[in-house]
Amino acid sequence: MKLAMIGFGQAGGKIVDKFLEYDRRTGSQAVRSAVAVNTAKADLVGLDYVPEQNQVLVGQSRVKGHGVGADNELGAEIAEEDIDEVQGAVDNVPIHDIDAFLVVAGMGGGTGSGGAPVLAKYLKRVYTEPVYGLGILPGRDEGGIYTLNAARSFQTFVREVDNLLVFDNDAWRESGESVGSGYDRINEEIVRRFGVLFGAGEVSHGDEVGESVVDSSEIINTLDTGGVSTVGYAAEKVDNPSGGLLSRFTSDGTDEMDSTHATNRITSLVRKAALGRLTLPCEIDSAERSLLVASGPPEYLNRKGVEKGRKWLENQTASMEVRGGDYPVADADRVSGVVLLSGVSEVPRVEELQDVAVETQDNIDRMEAESEQKTTDLIEDNDGELDPLF
């Protein structure tokens, strides 16, 4: 699938940068154009792969390049005011060569949380290509204001995109790791999952072609449910030392992998992907549509394994709209299964997020009212003996 990616805010920019690095490392070529938008100059300076001419600093007249300080209302206002500057970078996107836009943002901060929905709304108005979102939810320990930002951004972002793919940081945080290393590892997890999904079906001259190819139209049809989507991933290392002729021979000297073993491996990986850690934990039977991709060295993939995995997923989701295929990667050292669940509706984390956000909003309103009253009591505690200056 050929994408134009736009990272809005610090998290969004870093993830798009990571996607470009992944594309370069794997030869995926799914990202045809990349743009990073931010209100903080320092966040743009830290990007390694997004071309400098596609790095857009907005809000200079309002925040002087120092960010919006987790104020997503301000982030939204700046995006509205400076949308023409963003459009200048989007004009460089080869529209004839892309299948969709993907707007990437962290939903707990200010710039991306507020600006990404604004940009998505604008792109949908101007272009005919689908506009998808990739939203990153903050962890529970990041504070009430970030939860409130995420809840408000979530309900706005999901309304403005054709489908919102979600990654929940809280489900992926590991104890004992630093904030920096934690985010680096999580970003790698994000890119690996979505990289395999969006890379499927992209074939260059001389590449292996899958037995049952998943192309961009099948991904688009799966995401056509709208609403919220989540992705599962599972992988198993395999012996592929050369990625060439030698890898076609197994230990017993046969020139093909054992078909039954290959079938069982793919089916097992599909189950692990769907029932393991999803990017957004949910009840999988609430998905309207789903899609699976088996990826790895071509001799480890077969149509029967994909078909059995698809049938299993069909039973688990109680949906007839389950697509599937394989994505051969000759020099891969593992076989992986990716499952996309689209239009999920039973998501405890989102319900919890909204409950906490409502409680946080109530607390903020109460504290502001109390603070205002205390200030009034403080400055008027003179029994009217002093006259104000004016």
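The values are calculated or read from the model by the stated rules, or taken from the named source; none is laboratory data. No experiment lies behind these values; they were computed from the predicted model shown. Counting neighbours? That spans all protein chains shown, and the Cβs are built from the backbone with ideal geometry, glycine included. Quick note on the areas: whole protein, heavy atoms, side chains included, nothing else; ligands and nucleic acids left out. Shrake-Rupley method; radii C 1.70, N 1.55, O 1.52, S 1.80 Å.
Scanning the range 4-36 for residues that are in contact with a Ser or Thr (Cβ under 8 Å, 6 or more places away or on another chain) and crowded, with 24+ Cβ neighbours inside 10 Å yields a count of 5. Of the residues making up the range 123-177, those that are out of contact with any Ser or Thr (no Cβ under 8 Å at 6 or more places or on another chain) and among the polar types (S, T, N, Q) are THR128, GLN155, THR156, ASN169, SER175.
Number of residues in the range 253-285 that are touching a helix residue (DSSP H, G or I) at 6+ places or on another chain (Cβ under 9 Å) and assigned to a loop (DSSP other than H, G, I, E, B): the value is 10. Report yes if TYR327 is hydroxyl-bearing (Ser, Thr, Tyr), touching a helix residue (DSSP H, G or I) at 6+ places or on another chain (Cβ under 9 Å), more than 11 Å from ALA274 (Cβ to Cβ) and open to solvent by 20 Å² or more (accessible area, probe 1.4 Å), otherwise no. Yes, satisfied. TYR233 meets each of the listed conditions (1) modelled with pLDDT of 85 or more; (2) closer than 22 Å to ALA330 by Cβ; (3) touching an Asp or Glu at 6+ places or on another chain (Cβ under 7 Å) apart from (3). Looking only at the range 162-182, residues that are at pLDDT 75 or above, open to solvent by 10 Å² or more (accessible area, probe 1.4 Å) and not in a helix (DSSP H, G or I) come to 3 in all. Here is the figure for the range 58-69: residues that are in contact (Cβ under 8 Å) with a residue 12 or more places away in the chain and open to solvent by 30 Å² or more (accessible area, probe 1.4 Å) total 3. Do the conditions hold for GLY88, that is, is it part of a helix (DSSP H, G or I) and touching a Gly at 6+ places or on another chain (Cβ under 7 Å)? No: the conditions fail for GLY88. Assessment of the range 47-65 against the conditions (touching a Ser or Thr at 6+ places or on another chain (Cβ under 9 Å) and at positive phi) yields at least one matching residue. You will find that of ASP82, ASP48, the residue that is farther than 24 Å from VAL166 by Cα, in contact with an Asp or Glu (Cβ under 7 Å, 6 or more places away or on another chain) and surrounded by fewer than 23 Cβ atoms within 10 Å (Cβ to Cβ) is ASP48 and no other. Whenever a residue of the range 78-97 is under 21 Å from VAL68 (Cα atoms) and free of Cβ contacts under 8 Å to residues at least 60 places away in the same chain, its partners that are among the hydroxyl-bearing types (Ser, Thr, Tyr) and assigned to a helix (DSSP H, G or I), lying with C-beta atoms within less than 7 angstrom and at least six residues away or across chains, give the pairs ILE83/TYR122.
Kindly evaluate TYR127 against the criterion of being more than 15 Å from the chain's Cα centre (by Cα) and surrounded by fewer than 21 Cβ atoms within 10 Å (Cβ to Cβ).
On the way: more than 15 Å from the chain's Cα centre (by Cα): yes; surrounded by fewer than 21 Cβ atoms within 10 Å (Cβ to Cβ): yes.
So TYR127 fits the description; yes.
None of GLY133, GLY108 is open to solvent by less than 10 Å² (accessible area, probe 1.4 Å) and part of a loop (DSSP other than H, G, I, E, B) except GLY108. Consider ALA76 carefully, then state whether it is open to solvent by less than 70 Å² (accessible area, probe 1.4 Å) and modelled with pLDDT under 95. So ALA76 does not fit the description; no. Would you check if VAL68 is outside any helix (DSSP H, G or I), modelled with pLDDT of 95 or more and over 28 Å from MET1 (Cα atoms)? Criteria met by VAL68. Annotation: ALA120 fulfils all but one of (1) under 17 Å from the mean Cα position of the chain (by Cα); (2) assigned to a helix (DSSP H, G or I); (3) touching a residue at least 60 places away in the same chain (Cβ under 8 Å); the unmet one is (3).
Residues in the range 286-306 that are modelled with pLDDT of 95 or more, open to solvent by 10 Å² or more (accessible area, probe 1.4 Å), not in a loop (DSSP other than H, G, I, E, B) and not polar (S, T, N, Q): ARG289 only.
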